[in-house]
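Everything on this sheet refers to the single structure shown next.
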Amino acid sequence: MNTQHHTARSTKSIRYGEGFIGLCLLGLCTWAALSAAQQSQNDITTGTTVNAMTQVLGRPTNSSISVSVLSPSDMEFYAEYGTSPGNYSGKTGITSAKARIPVELVIEKLQSNTRYYYRLRYRQGTASAFTTGNEYSFQTQRPPGSTFVFGVQADSHPERVTKMFNAELYAINMTNVRQSRPDFYITLGDDFSIDTLGGMAGLSPQAVAQIYINQRPFLGVDGASTPIFLVNGNHEQAAKYLLNGTPNSPAVWAGKARNTYYPQPTIGDAKFYTGDMEPVEHIGLLNDYYAWTWGDALFISLDPYWHSDKVVDNELIVSAPAGDADTTGMAGMVAGATKDEKAAGMAAAGGGKGGKDIWDVTHGEAQYRWLEKTLKESKAKYKFIFAHHVLGTGRGGTDMADLGEWGGKNQQGVWEFDKKRPGWDLPIHQMMVKYNVSAFFQGHDHLFVRQVKDGVIYQEVQTPADPNYGDGGNSAAYKTGDHLSAAGHLRVTVSPENAKVEYVRSWMPKDLTPERKQGEVAFSYTIKPAKTTP
């Protein structure tokens, strides 16, 4: 696959003051002043804490979209919508919602390839009149030949306050995203880290739910107008190895919270989304891997965590110092651990290093067969795959792509694919090459890196809210490619001629200079459409 590559620094900046006023209108000025650590330490033993009403879009199709509404108090609400600003030709029925319990409102019977404008009208408590909410807009499915924008972020890590996360910077990043009016926004995991709550001793359904609630004011800055698609990361601990046959499992709590607080694709609707059709006891359908087509592009998300019997990356421990971003959640790394226990913990955290068998990591045969069928049958000009990381663990992009079921070799470089995955046609990387995958987007390593292997772009996505603008200490894991530090998001513009990938920088106000402009493009390149499909 041919690519054209160049770097650029835009002289165009967004109107930061105007964007920040918008955040205040959403109630974020007060919320952003609280650190994520403070939020997670709220007393939630009797219920979840909700500070303000939030709305997040999800599950867009050619004729419908879902709006998730979460309020701190009981309320009634409905949506008004139409095809031009301020002109609402349709409205939904009135829906009732209980305090702190999200409700999804489905707007349906819409026209495809159409931008709609909508607003909520709501009545809280005993109020007699309905309050009018802000106007937002959304886009229904684009047809082939369209030009559109989508965005990508990875590893917001709200629990890593000051180390990798600043609430003000995250809000600024989401305002930057909103400037582009993307059709949808994809997060690549480690946005809902539950393994910083003190291990099992600090976990409960309410505590896990609070982690998902805490993201809504941020993701809602963009998500009120842009559907949010979630990809699981290792720190979500939404993983098969934690299932115990009962509803009292962190994996169950994480799986349910994800689908409760964010409308994810409804799998099984053959007209639009395909994906994981196997329900999990006490959760139902996971909505963990899925695919859809938009314009000239096929979008695919992958997830190894729900399909590997053993730990893919870091293991959830029984107890640990809450909030320690460097050690919490890593087996054997608690205070007082023996030397051997610490070594075992480091090996588990390494994901394939320290003696861990990389073949224990799997996407499972059902996901593999689905991926193969989806790629083979798609005639899309662009094919984009999104996952937290190659194999969900380790460090690096193309540097990891030869290993396990992703590339067919063991850690010693010996081909074992035929023996370890009997009956499978090709490793995942070779499958991507065969079916003309344009780019694989991943997170996990906390910096921007663009690499190419056998014509497939491996794009490591930077963090959105690191006030230190670091590289996560993982730059050395990438032996090739174009490297930049955080913070920001990716803006991808898809057209019939090419797909343009841009790294849009986010800066703290105090760090702005004539050379550092809010929303500047730090790096960009283009991807040409596939000429043929198998």
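The values are calculated or read from the model by the stated rules, or taken from the named source; none is laboratory data. Just so we're clear, the structure is a prediction, and the values are computed from it rather than from any experiment. Virtual Cβ from ideal backbone geometry, glycine too; neighbours counted across all protein chains shown.
Residues that are closer than 20 Å to Glu377 by Cα, over 15 Å from the mean Cα position of the chain (by Cα) and of a type outside the set (D, E, K, R): does the stretch 252-265 have at least one? The answer is no; no qualifying residue exists. Identification of strands (runs of 3 or more DSSP E) wholly contained in the stretch 105-219 with 3 or more residues that are polar (S, T, N, Q) yields 131-139.
Test Gly519 against the criterion of being part of a loop (DSSP other than H, G, I, E, B) and surrounded by fewer than 21 Cβ atoms within 10 Å (Cβ to Cβ), and give yes or no. Even if it seems obvious, please write down each step before you answer.
Values: part of a loop (DSSP other than H, G, I, E, B): yes; surrounded by fewer than 21 Cβ atoms within 10 Å (Cβ to Cβ): no.
Taking the combined requirement at face value, the residue does not satisfy it.
When each of Ala167, Ala257 is tested for being more than 17 Å from Asp155 (Cβ to Cβ) and of a type in the set (A, V, I, L, M, F, W, C), the lone residue that passes is Ala257. The number of residues in the stretch 288-301 being in contact with a strand residue (DSSP E or B) (Cβ under 7 Å, 6 or more places away or on another chain) and either assigned to a loop (DSSP other than H, G, I, E, B) or loosely packed, with under 14 Cβ neighbours inside 10 Å (or both) comes to 3. When every residue of the stretch 379-387 is checked against the conditions, none turns out to be at pLDDT below 95 and not in a helix (DSSP H, G or I). The one condition from (1) in a strand (DSSP E or B); (2) within 23 Å of Lys356 (Cα to Cα) that Trp424 does not meet is (1).
Rundown of residues vs (1) out of contact with any Lys or Arg (no Cβ under 8 Å at 6 or more places or on another chain); (2) surrounded by fewer than 23 Cβ atoms within 10 Å (Cβ to Cβ), yes/no style:
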{"residue": "Arg160", "(1), (2)": "yes, no"}
{"residue": "Ser180", "(1), (2)": "no, yes"}
{"residue": "Asp195", "(1), (2)": "yes, no"}
{"residue": "Met200", "(1), (2)": "yes, yes"}
{"residue": "Gln206", "(1), (2)": "yes, yes"}
{"residue": "Gln215", "(1), (2)": "yes, no"}
{"residue": "Gly220", "(1), (2)": "yes, no"}
{"residue": "Pro227", "(1), (2)": "no, no"}
{"residue": "Ala238", "(1), (2)": "no, no"}
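Do you know which of the residues in the stretch 409-421 that are free of Cβ contacts under 8 Å to residues at least 12 places away in the same chain and not in a loop (DSSP other than H, G, I, E, B) is farthest from Lys356 (Cα to Cα)? Lay out the reasoning, then the answer.
Pass one, the stretch 409-421, residues free of Cβ contacts under 8 Å to residues at least 12 places away in the same chain: 409, 412-415, 418-419.
Filter once more, so that each one left must be not in a loop (DSSP other than H, G, I, E, B): 409, 415, 418-419.
Numbers: Lys409: 14, Trp415: 17, Asp418: 20, Lys419: 18 Å.
My answer is Asp418.
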